[in-house]
Ligand code: AMP
């Protein structure tokens, strides 16, 4: 017997209608490249979204067109996140910080019919336009008077495109399993691979994120995603914030300018933000150096890479509780979340620290397990490490245009899971250091080193060793205030804090670390740079 409930599809349009009803006057702020501010309400932004939907139809894009964006976090990109999927098309966010070769590959693989481009990226696209045969329309994300001179054929200004359209649209009732969003992930080997989300996967991810024991946004929140919309839709904030009736503050291009960001936090009374550890670290350093305070900011998600305990503790002093969120592009992106609970305060001091560094419990809907090299499930005892596998309605079952994957998705992360369901990432499979046949957790060593006040950034990589096959090498960006810091001091600082045989054989100082296009430290590049490293 079938249940007698209405068959109402879970599609992105329902987020828009809901927010238009419960949060029509809630603000959607965005900061332009020149620092000036655009102030809209959700009601204004959805009226503009309707105009954009009409414009997409007038461009005669096909019904399942992939529409590419190369853009920062701002209100125009927000509008594209709704108009493209809600007209049945696929919003393909392209990471403009990738190498041009990768960008060209991605646009061609997706067969994008139109590109919406921030003026800053137009020169890069001009240089490859002849090699992008599927693209028929080029739109600059600016007003008519900001339209740059360009060799792109019939380049139009976004505001001109919207100017002559009506601000109502007859939205179609779309199947919830219809494709909605496309984002490529640049793996370590081979070409980037497309992760194709659906209306249903986006809606379910946002509903699960918004549970009180997870990110739990409310209509009191003012949310500022520093994670880019071109990387898995800023962890879905353009969808989950309006779903919760929370306000959105979009920071525009200058996300790594900590002074500008803290200024925006104070001006707009931001309560919640999301960023990778490198950006939180920049904010922390700025607050320490300038004495600025950010009283409205209560909580933040630190994710995309492991953050050091010291950073959590420093941000506590600034009044911001950081919460660890783990995920990946293939998971739309959040899989687990470590919501700070009052019961954590009852734990012994050293366990409190351990607790915060865990990657959290799975969001409702996500199943997790750890397995050995033969695929056997391993115990959830908080000690045994294995490869993390997941299943769930917002986990990728196959890459775009590629054959299906297994029922369980192999994340390529190495983790433990404890009896309360808390998962902790100890490494990436490819970053694991195997010394004399035993695994060493680079993340745990980095975490201890980062608690030394003379260390600004620290990374541990495996380097070939004649006897042990691999040994850890510590690479450190020292803090300017500690000019006398030595390698030996740092190595002896690790004694008693990690197993003796984990202590790196050497420590090298560098001025900066290489970062990937998504703002994470690139261990791959470091391994290449230290490929011929000679142990003393
Ligand atoms: P991406 O698909 O580019 O978002 O990268 C996903 C990968 O980033 C994961 O498989 C992890 O290796 C890493 N990652 C994401 N979040 C965390 C986290 N909270 N702690 C440690 N690593 C993380």
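The values are calculated or read from the model by the stated rules, or taken from the named source; none is laboratory data. On a predicted model such as this, the values are computed, not experimentally measured, just so you know. We place every Cβ from the backbone using ideal geometry, glycine too, and count neighbours over all the protein chains shown.
Somewhere in the range 387-406, is a residue modelled with pLDDT of 95 or more and farther than 30 Å from residue 10 by Cα? Among the residues of the range 387-406, at least one is modelled with pLDDT of 95 or more and farther than 30 Å from residue 10 by Cα, which makes the answer yes. When residue 294 is tested against (1) within 16 Å of the ligand (Cβ to nearest atom); (2) farther than 30 Å from residue 175 by Cα; (3) not in a helix (DSSP H, G or I), just one condition goes unmet, and that condition is (1). If you take the residues of the range 270-287 that are more than 16 Å from the ligand (Cβ to nearest atom) and either modelled with pLDDT of 95 or more or not assigned by TED's automatic domain parsing to the domain that holds residue 349 (or both), which of them is surrounded by the fewest Cβ atoms within 10 Å (Cβ to Cβ)? Per the stated criteria, the residue is 286.
The residues on offer are 130, 191, and the sole one that is out of contact with any strand residue (DSSP E or B) (no Cβ under 8 Å at 6 or more places or on another chain), more than 22 Å from residue 77 (Cα to Cα) and without any contact (Cβ under 8 Å) to a residue 24 or more places away in the chain is 130. Of the set (1) farther than 26 Å from residue 26 by Cβ; (2) under 18 Å from the mean Cα position of the chain (by Cα), all apply to residue 157 but (2).
Of the strands (runs of 3 or more DSSP E) lying entirely inside the range 437-522, the ones with 1 or more residues being closer than 30 Å to residue 103 by Cβ, away from the ligand (no atom under 16 Å from the Cβ) and in contact with a strand residue (DSSP E or B) (Cβ under 6 Å, 6 or more places away or on another chain) are found at 469-478. What about residue 355, is it in contact (Cβ under 8 Å) with a residue 60 or more places away in the chain and more than 10 Å from the ligand (Cβ to nearest atom)? For residue 355, the condition - in contact (Cβ under 8 Å) with a residue 60 or more places away in the chain and more than 10 Å from the ligand (Cβ to nearest atom) - is met. On inspection, residue 322 does not qualify as without any contact (Cβ under 8 Å) to a residue 60 or more places away in the chain, away from the ligand (no atom under 16 Å from the Cβ) and surrounded by 18 or more Cβ atoms within 10 Å (Cβ to Cβ). Where strands (runs of 3 or more DSSP E) fall entirely within the range 7-75, those with at least 3 residues that are under 22 Å from the mean Cα position of the chain (by Cα) are at 27-31, 66-70.
Residues checked against (1) at positive phi; (2) touching a strand residue (DSSP E or B) at 6+ places or on another chain (Cβ under 6 Å):
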{"residue": "315", "(1), (2)": "no, yes"}
{"residue": "332", "(1), (2)": "yes, yes"}
{"residue": "338", "(1), (2)": "no, yes"}
{"residue": "351", "(1), (2)": "no, no"}
{"residue": "356", "(1), (2)": "no, no"}
